[in-house]
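Enquirer: Have a look at the structure that comes next, please.
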Amino acid sequence: MATPISAPARSPGFTILEMLVVLIIVGFVTSILFQALDQVYKLQSRFGVQLARSQQGAMYTDWFRQVVQGLQTDFPNGKEVFKGSETEFTGVTTSPLSANYGASTQVTLTLQYNISEEATELLYGADAQSMKLSSWPGRRSGRFIYVDAKGDQHDTWPPRFDLWPQLPNSILLEVQQDAEPQLIAAVPRGSLEAKAATTEMTGTPF
């Protein structure tokens with residue numbers, strides 16, 4: 001009786017077809033992972049920019065309110081009487097953005113258009129020095145608004161044709177960001193009326 005011939009034993013390892021299938025799967029998975037990683041980096045970058053803007057916005061908001069809260073009045077004919085327009089106001093504050101906090105300091109806040117950057121900048125000036133607090137894209141993308149005791153808004157202070165206190169009840173900074181206006185309000189903490197002129201024994205004011 002003839003002995004049956006057994007099939008040759010299969011050598012261990014992968015065939016070329018199996019290797020190709022594995023490489024295709026690995027390439028497909030790798031492509032998905034790289035796409036997901038790219039999306040993560042984009043989101044991280046976007047949220048990082050938004051966080052930086054949020055932090056910057058919080059800082060200039062605090063700085064603006066700090067200066068306004070410390071505004072002080074002067075004598076009726078004094079040289080440091082508060083004056084304001086849509087793009088600038090000047091006055092004396094006891095809350096300057098410097099180491100002289102608590103000391104009466106004449107300051108100026110200005111909204112100025114920077115042509116090279118195509119942005120409106122919020123500038124702070126005091127003691128012959130100036131610094132940029134913040135900026136927003138676009139021309140005339142910000143303005144100061146002065147609110148009286150009745151809640152009426154004015155583009156200058158003091159308004160015309162009436163008797164007004166030296167300081168408004170509040171000052172608004174209107175900023176155009178993302179095509180929407182945003183209002184930042186600040187309120188002077190001291191008296192709004194002019195300082196009373198003192199008189200000598202002769203009755204002459206000084």
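The values are calculated or read from the model by the stated rules, or taken from the named source; none is laboratory data. From a predicted model like this one, the values you see are computed outputs, not experimental measurements. Cβ atoms come from the backbone with ideal geometry, glycine included; neighbour counts cover every protein chain shown.
Enquirer: Could you tell me how many of the residues in region 152-186 are over 20 Å from Ser134 (Cα atoms) and among the hydrophobic types (A, V, I, L, M, F, W, C)?
Expert: The number of residues fulfilling the criteria is 5.
Enquirer: Just checking, how many residues over region 93-133 are without any contact (Cβ under 8 Å) to a residue 60 or more places away in the chain, among the aliphatic types (A, V, I, L, M) and assigned to a strand (DSSP E or B)?
Expert: Number satisfying all stated conditions: 7.
Enquirer: Does Glu88 count as touching a strand residue (DSSP E or B) at 6+ places or on another chain (Cβ under 7 Å) and over 18 Å from Ala186 (Cβ atoms)?
Expert: no
Enquirer: Scan region 65-90 for residues that are modelled with pLDDT of 95 or more, outside any helix (DSSP H, G or I) and among the polar types (S, T, N, Q) and jot them down.
Expert: Within region 65-90, Gln72, Thr73, Ser85, Thr87, Thr90 meet the criteria.
Enquirer: Another question, then. Tell me, please, whether a residue that is under 20 Å from the mean Cα position of the chain (by Cα), surrounded by 14 or more Cβ atoms within 10 Å (Cβ to Cβ), in contact (Cβ under 8 Å) with a residue 40 or more places away in the chain and more than 15 Å from Thr90 (Cα to Cα) can be found in region 158-176.
Expert: Looking through region 158-176, at least one residue is under 20 Å from the mean Cα position of the chain (by Cα), surrounded by 14 or more Cβ atoms within 10 Å (Cβ to Cβ), in contact (Cβ under 8 Å) with a residue 40 or more places away in the chain and more than 15 Å from Thr90 (Cα to Cα).
Enquirer: Scan region 50-60 and give yes if some residue there is modelled with pLDDT of 80 or more and surrounded by 10 or more Cβ atoms within 10 Å (Cβ to Cβ), otherwise no.
Expert: Yes: one or more hits.
Enquirer: Looking only at residues in region 134-152 that are more than 21 Å from Phe82 (Cα to Cα) and either in a loop (DSSP other than H, G, I, E, B) or in contact with a helix residue (DSSP H, G or I) (Cβ under 9 Å, 6 or more places away or on another chain) (or both), which one is modelled with the lowest pLDDT?
Expert: Of everything passing the filter in region 134-152, Arg140 is modelled with the lowest pLDDT.
Enquirer: Could you look through region 120-157, keep only residues that are of a type in the set (Gly, Ala, Ser) and under 15 Å from Phe89 (Cα atoms), and pick out the one that is surrounded by the most Cβ atoms within 10 Å (Cβ to Cβ)?
Expert: In this case the residue turns out to be Gly142.
Enquirer: To continue, here is another question. Step by step: first the residues of region 182-204, then only those that are exposed (fewer than 12 other Cβ atoms within 10 Å of the Cβ) and over 16 Å from Thr73 (Cα atoms), then the one that is modelled with the lowest pLDDT. Which residue is that?
Expert: Met201
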